[in-house]
Amino acid sequence: MAADALYEGPITMTRKGLGFFSVGEDKEDLIIPNEWTGHALHGDIVKVAPAGSYRDPSGRMPPRAAGKVVEIVSRARETFVGTLVEENGLTLLAPDYKKMYVPIVILDRGNAEPGYKVLVRLASWDADKDYPLGTIEEVIGKAGVHETEMRALALGQGFASDFPPAVTSEAKRLEAEGREMIAKEVRETRPYSAEATKGRRDFRNVPTCTIDPFDAKDFDDALSVRRLDDGLVEVGVHIADVSFFVKPGTALDKEAIERATSVYLVDRTIPMLPEVLSNDLCSLKPDEDRLAVSAVFMLDQDANIKDTWFGETVIHSAKRFTYENAQATLDAALASSRPTPPSAEFREVRESDQGVLGEELVILFELSKKIRARRAAKGAIEFDTAEVKVELNAEGKPIAIRLKERKATNLLIEDFMLLANEAVAKHLSALTKNGGEHFYSLYRIHDAPDTDRIENLANLLRVMGYHLKTSGSGIVTGAELNKLLESVKGKPEEYLVKMATLRSMSKAVYATRNIGHFGLAFDFYTHFTSPIRRYPDLVIHRLLKHHAGGDPITREEMQEFDALAVHASEREVAAADAERDSIKMKQVEFLAPKIGETFDAVISGVTDRGLYIEEQATHADGMIRIKDVGDDYFEYDEKHYQIVGRRTKKAYRLGDPIRVKLIAARIAEKELDFIPVQS
């Protein structure tokens, strides 16, 4: 490494203020001691110069190449959420963000009292000062209160519930004019014609429904189905036409770009678009004419695609299903089509629901099974990981935690959404392959997993008694990963193995250059099906219209796609972090009254600091500190993912079931402490 080399990129910071900087995939990261970080914060873009060798004063790490930050090019974060505290006559912000390794000195706290959560903007950090200065932008509320904590989680990731005045003004105009805008568009819609190639098609007389969670308020997608005279089945995947209302350059569009996604916390949605759009004008509500952008497929009995059409439509949903009542209707329809009489329960469902769309659901169900089987045969990875659902009372207190059940109707919707996303990606790729002004598109890409990560996963699985077949160079196929996931079904370590496998995967991101999607085994993939809650989907709708001769996409817009892809990927991660933190906080709050009780758990991580465990009933994460493991001196065996007692030789291994007692619950920190229950 040349002595005068200078590198630029993001810095990674630990909670203790130690920095690491990547100088290439095949080289060890430079370590940057606290005194050489130049007050850089996690994720900042910095310039780093090599600075010889660093020797850890504690002797825990061998000597390694060091670096020194010579310039902070840009900050990753300008605002921080935390709790005000008083210390030595100073008002400080104790940040919630765990990688913010120092408190922030507050210049003027105004009416904000210690113990309150606030949003603070970083002001300055002089080279000779230990702490940065900051100014309060918003007082959120008293720490520990449900409403305060939920808002703080969102604001901490850069998502505000309120919309700017200009956005609110445009939303009010659409609220007043939107229904007439839809009615006018419907009046100008051409009657449905399979031969028509342009114009908005009328699907209002085709059986159509939506299937969503019971608490959903925005309905992005609907399915239509009917049998054709030639023996084929026409399936329409109809997606809310957000681009009809949200035009480039408007305040609505600029705010949607900035947010890039909706955020789903345990008790609320922070939408990308104002409610008048997300829950009303754009939402594919039942018994109302709605505008859509559609992917329409002609499928044979084996679900092979014989023809496709993409374009603008008007639909009229006959039924708003939840996953639960769609499943009940499907089960009743399947039962009534068999020689044996349906059960009383099924008859009751049929009679109460009048059999609405039962036959159509059966058609969709049978086709979806074949679509899924074909995808699996190509090597698509079937993670099928259950999600945690937290039930709250009126005061926001958690009263139950359970896993969401994935029904056949969940899979049905997923299958047709994936079918549409893949088909749209292929369609746009074909239109843009000649380059020129039509070259740009947005893809959802997923790279093959890093070979080092797969090697680590294989080693971990070997310790747990499982074998993951890889090539000599550490490459794994989706088929082999599916064999692994199938082998752990129903076993105590199933969730752990799935999580470890997921963590070994690359992160799916947005990009303008296509490399395919490893996890789904697709050569082409994009996001088309959720424009109410994801900005990239809105862009895809505009591209489809542009190529069909509709609203134009300017060259300048296309040239901004690269930056948009990066921004949307970053906002997606931020939203996922906020959502995950809201669940973790409520898991800890749910278990807090149970200190002293014992639980079944599984060891989900092993480090020199102790054991990470996952409580089986709530899937809450916790830790057993190494000093609390037992009456012995436990040593970390990194190679075998275990800690071993020096005297007793008692071993605690990754994946082992373990009985634990809860000894501490820190709700604000979202942390749980346990000790083993000695048998």
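The values are calculated or read from the model by the stated rules, or taken from the named source; none is laboratory data. All figures in this text were calculated on a predicted structure; none of them were measured in a lab. Neighbour counts are summed over all protein chains in view; Cβ atoms, including those assigned to glycine, are modelled from backbone coordinates with ideal geometry.
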Inset, instruction - Collect the residues in the stretch 289-303 that are part of a strand (DSSP E or B), surrounded by fewer than 24 Cβ atoms within 10 Å (Cβ to Cβ) and among the aliphatic types (A, V, I, L, M), keeping them in residue-number order. - result: 296, 298, 299
Legend entry - Failed item, numbered, when residue 118 is tested on (1) touching a residue at least 12 places away in the same chain (Cβ under 8 Å); (2) more than 20 Å from residue 669 (Cβ to Cβ); (3) surrounded by 13 or more Cβ atoms within 10 Å (Cβ to Cβ): (2)
Legend entry - Test set (1) touching a residue at least 12 places away in the same chain (Cβ under 8 Å); (2) closer than 18 Å to residue 266 by Cα - residue 576 fails condition number: (1)
Inset, instruction - Mind listing whichever residues of the stretch 618-640 are surrounded by fewer than 18 Cβ atoms within 10 Å (Cβ to Cβ) and polar (S, T, N, Q)? - result: none
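Can you tell me which residues in the stretch 443-462 are over 17 Å from residue 26 (Cα atoms), surrounded by 15 or more Cβ atoms within 10 Å (Cβ to Cβ) and at pLDDT below 90? Give the derivation first.
Within the stretch 443-462, the subset over 17 Å from residue 26 (Cα atoms) is 443-448, 457-462.
From the residues that got through so far, the ones that are surrounded by 15 or more Cβ atoms within 10 Å (Cβ to Cβ) too are 443-448, 457-458, 460-461.
Scanning the stretch 443-462 gives 457, 458, 460, 461.
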Legend entry - Filter pass, residue 544 being modelled with pLDDT of 90 or more and over 19 Å from the mean Cα position of the chain (by Cα): yes
Inset, instruction - Select from the stretch 43-67 the residues that are surrounded by 19 or more Cβ atoms within 10 Å (Cβ to Cβ) and in a loop (DSSP other than H, G, I, E, B) and list them in ascending order. - result: 44
Inset, instruction - Could you please let me know if residue 160 is touching a residue at least 24 places away in the same chain (Cβ under 8 Å), under 30 Å from the mean Cα position of the chain (by Cα), crowded, with 19+ Cβ neighbours inside 10 Å and not in a strand (DSSP E or B)? - result: no
Legend entry - Test: residue in the stretch 501-524 that is among the basic types (Lys, Arg), in a helix (DSSP H, G or I) and under 11 Å from residue 383 (Cα atoms): no
Legend entry - Matching residues in the stretch 465-491 - criterion: being touching a Gly at 6+ places or on another chain (Cβ under 7 Å) and without any contact (Cβ under 8 Å) to a residue 40 or more places away in the chain: none
Inset, instruction - Collect the residues in the stretch 68-105 that are in contact with an Asp or Glu (Cβ under 8 Å, 6 or more places away or on another chain) and assigned to a strand (DSSP E or B), keeping them in residue-number order. - result: 72, 73, 74, 79, 80, 81, 82, 83, 84, 92
Inset, instruction - Give me a count of the residues in the stretch 155-184 that are closer than 30 Å to residue 76 by Cα and of a type in the set (Ser, Thr, Tyr). - result: 2
Legend entry - Selected residue (only one of 533, 555 is touching a residue at least 40 places away in the same chain (Cβ under 8 Å), exposed (fewer than 15 other Cβ atoms within 10 Å of the Cβ), touching a helix residue (DSSP H, G or I) at 6+ places or on another chain (Cβ under 9 Å) and basic (Lys, Arg)): 555
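For every residue, the table says whether it meets (1) under 30 Å from residue 154 (Cβ atoms); (2) modelled with pLDDT of 95 or more; (3) surrounded by fewer than 15 Cβ atoms within 10 Å (Cβ to Cβ); (4) hydrophobic (A, V, I, L, M, F, W, C).
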site	(1), (2), (3), (4)
588	yes, yes, no, yes
603	no, no, no, yes
663	no, yes, no, yes
669	yes, no, yes, no
Inset, instruction - Looking only at the stretch 582-606, count how many residues are touching a helix residue (DSSP H, G or I) at 6+ places or on another chain (Cβ under 9 Å), in a helix (DSSP H, G or I) and either small (Gly, Ala, Ser) or assigned by TED's automatic domain parsing to the domain that holds residue 256 (or both). - result: 1
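If you go through the stretch 127-147 one residue at a time, do you hit one that is assigned to a helix (DSSP H, G or I) and not β-branched (Val, Ile, Thr)?
yes
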